[in-house]
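**Student:** Quick one: the structure is below, questions incoming.
The values are calculated or read from the model by the stated rules, or taken from the named source; none is laboratory data. Keep in mind the model is a prediction, meaning the values are calculated, not measured. Cβ atoms come from the backbone with ideal geometry, glycine included; neighbour counts cover every protein chain shown.
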Amino acid sequence: MMKLQKKFINEVLGVPSNIENVSKRLFNFFSKKIEEEGQNIIDPDENYEFEFQGRFKIADFNFNTINLNLGFIETEKVDEITIINMALGIQARMDPTSLKLISRKTKGINLSVRFALPISKQTKFSELLDFVQIEELELQSSFSHELMHAFEDYKKPYETPEGRAKYSALQNVSFGIPPLNEFVYYLYFASATENTVRPSEVNSIMKKGDIRKDMFVDFLLSNRVYKMYKEINNFSLNNFRNEMLNYMPRINEILSMSNEQDNFENDIDKVDRILELYYINLSNKMIEQYKNLLTTDFHEMFIGFSGDKQKLYNDFINETQRFKNNPLKFFEYQEKKIRNVSNYMLKKLSKLYALIEDKKSIKNWDLHTKINKKTQIESKYRY
């Protein structure tokens, strides 16, 4: 009965059983392969590929291969090894009947990890191993994050092209203005695609850190995922616009690209124009991505869509550009949306407490009662 209850709690909180064990196995394999490279110099022009074979099971998702791809880039922007991103390779096809993205189910997972290296010196794999060992907790939780994406892909029958286009566009439009970059990251972090995997990510850190129930509050308040949702929850559009005023040189530079730098009476008008330009570019990128996903026929690239596809395409354009007469409304809408999402996720993450097992085992009851504080005698019901 207890086992069934725990399984139910896992499912409700969005943490499939055994995912932390698979992420641990993957991290150990990852570390071992890096260690085997020893003192070899990392070649940034090469992709290092490793195949991890075994019997893997996450809830009812069984697979036998994890293809791990390590990539590197040398840059002046870092002074030490830094992880850039992890990405799960999910293949999907557009079903011509349902016009939904149907994933190609396989018995393997393709996972890529990208690192930035300082350009000032050659980096050895032994140095990468040191980094990996220091960042073990975060890396293992990131593996759980990506494995959860794989599990979600296995469970869901399809993905909408609308959702994929929006999610992808957020990662491909940047103006290089820190407050705006931060806002866009909030949208990405609080997107539906990412929210589904956050509980597994936090649960992995919780299990790795062997967090007890009496430690849970401190753990949660210090957890980076929880803190990010708190930060998102405190987002203020007014504060955001005022903070943008601190980056007028970059704003003027962007406005000069479209010959608009002299068209404004004050700086706040310039900020609002930048927000409008961002909305324009984001909308265009979303529609471009959506069009690419819908295109399944060579002739559609030249003559466009027809029938149901044309209607879906027109509907997506209208929905995406619905704020074009007042772009600031887009940011007001997103402010409300991410606050609601972050509220929901903060509550959901707090429920991970239920997944902590009570590990206390009393061997000598008499001694236990003698050592522990006596129960205070109460004469009235408190609840």
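**Student:** What do you reckon, is M257 at pLDDT below 95 and touching a Ser or Thr at 6+ places or on another chain (Cβ under 9 Å)?
**Tutor:** Spelling it out, it is not the case that M257 is at pLDDT below 95 and touching a Ser or Thr at 6+ places or on another chain (Cβ under 9 Å).
**Student:** Checking P118 against (1) surrounded by 11 or more Cβ atoms within 10 Å (Cβ to Cβ); (2) under 24 Å from the mean Cα position of the chain (by Cα); (3) in contact (Cβ under 8 Å) with a residue 40 or more places away in the chain: exactly one of these is not met. Which one?
**Tutor:** Status for P118: all satisfied but (2).
**Student:** Can you go through P199, P179 and tell me which one is touching a residue at least 60 places away in the same chain (Cβ under 8 Å) and surrounded by fewer than 18 Cβ atoms within 10 Å (Cβ to Cβ)?
**Tutor:** P179
**Student:** Hey, does region 77-86 have a residue that's touching a Ser or Thr at 6+ places or on another chain (Cβ under 6 Å), outside any loop (DSSP other than H, G, I, E, B) and assigned by TED's automatic domain parsing to the domain that holds N28?
**Tutor:** yes
**Student:** R224 - would you say it is modelled with pLDDT of 85 or more and within 22 Å of Y290 (Cβ to Cβ)?
**Tutor:** Considered against the rule, which asks whether it is modelled with pLDDT of 85 or more and within 22 Å of Y290 (Cβ to Cβ), R224 comes out as no.
**Student:** I've got another one for you. If you scan region 314-338, which residues turn out to be surrounded by fewer than 16 Cβ atoms within 10 Å (Cβ to Cβ) and part of a helix (DSSP H, G or I)?
**Tutor:** Residues satisfying the conditions are N314, D315, I317, N318, E319, L328, K329, E332, Y333, K336, K337.
**Student:** Within region 290-313, which residues are assigned to a helix (DSSP H, G or I) and of a type in the set (D, E, K, R)?
**Tutor:** Answer for region 290-313, where residues must be assigned to a helix (DSSP H, G or I) and of a type in the set (D, E, K, R): K291, E300, D308, K309, K311.
**Student:** Now a separate question. Wholly within region 192-289, which helices (runs of 4 or more DSSP H) include no fewer than the required count, namely at least 2 residues that are out of contact with any Asp or Glu (no Cβ under 6 Å at 6 or more places or on another chain) and closer than 24 Å to P327 by Cβ?
**Tutor:** Here the list reads 224-233, 237-244, 248-257.
**Student:** If you don't mind, there's one more thing I want to ask. Does N172 qualify as being within 18 Å of the chain's Cα centre (by Cα) and either free of Cβ contacts under 8 Å to residues at least 12 places away in the same chain or under 25 Å from N67 (Cβ atoms) (or both)?
**Tutor:** yes
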